[in-house]
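Reviewing the structure listed below.
The values are calculated or read from the model by the stated rules, or taken from the named source; none is laboratory data. Predicted model, so just to flag it, every value in this text is computed and none were measured. Note: ideal-geometry Cβ built from the backbone for every residue, glycine included; neighbour counts use all protein chains shown.
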Amino acid sequence: MAEAAQMAETSTAPAPVPVVATAPPPAAPIGATPSEELGLLVSWGAAAFYWAEAGANPMVRTYWDALHYIATALSVGYANLFPVTALGKAIGAVVMTIGPALSARALDQTRPAAPDAPSADTALLAGKLDAILAELRRQNGS
């Protein structure tokens, strides 16, 4: 037993494992993408239109009829069915007002440049403007 106690005293504990601090993962973007916003407008708009028009409008028999109305009202502003209830007309007006802007955002492929970082085009333009200014000063004798 003394031998076991002596062994315990002389044995060394395993070396501690170093802990390396890592950065947390990047946060998920807040909010929906423009495509998701458009999809939400179309799907929820169709559901609301179906709820408002079913039973009152003989042309709206299924969700797909409502989806057809919302999709065509969003794109061309015309469908072969029309809302007959006040709520259906309001939903159509909202879709026709907001829909084209959401469609444009969803289809826009340009990405805004960082406002702090001048682009190569800006530097090229600045160089040309400096050359023009120098030439004007030279011609005016300034």
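General remarks:
- Qualifying positions in the stretch 66-81 - part of a loop (DSSP other than H, G, I, E, B) and surrounded by 15 or more Cβ atoms within 10 Å (Cβ to Cβ): Ala79, Leu81
- If you filter the stretch 1-60 down to residues that are polar (S, T, N, Q) and at pLDDT 80 or above, you find that the one that is nearest to the chain's Cα centre (by Cα) is Thr33.
- Whenever a residue of the stretch 64-87 is on the phi < 0 side of the Ramachandran plot, its partners that are acidic (Asp, Glu) and crowded, with 18+ Cβ neighbours inside 10 Å, lying with C-beta atoms within less than 7 angstrom and at least six residues away or across chains, give the pairs Ala66/Glu53; Leu81/Asp65; Pro83/Glu53; Val84/Glu53; Thr85/Glu53.
- Of the residues screened, Arg105 is one that is under 19 Å from the mean Cα position of the chain (by Cα), surrounded by 10 or more Cβ atoms within 10 Å (Cβ to Cβ) and at pLDDT below 90.
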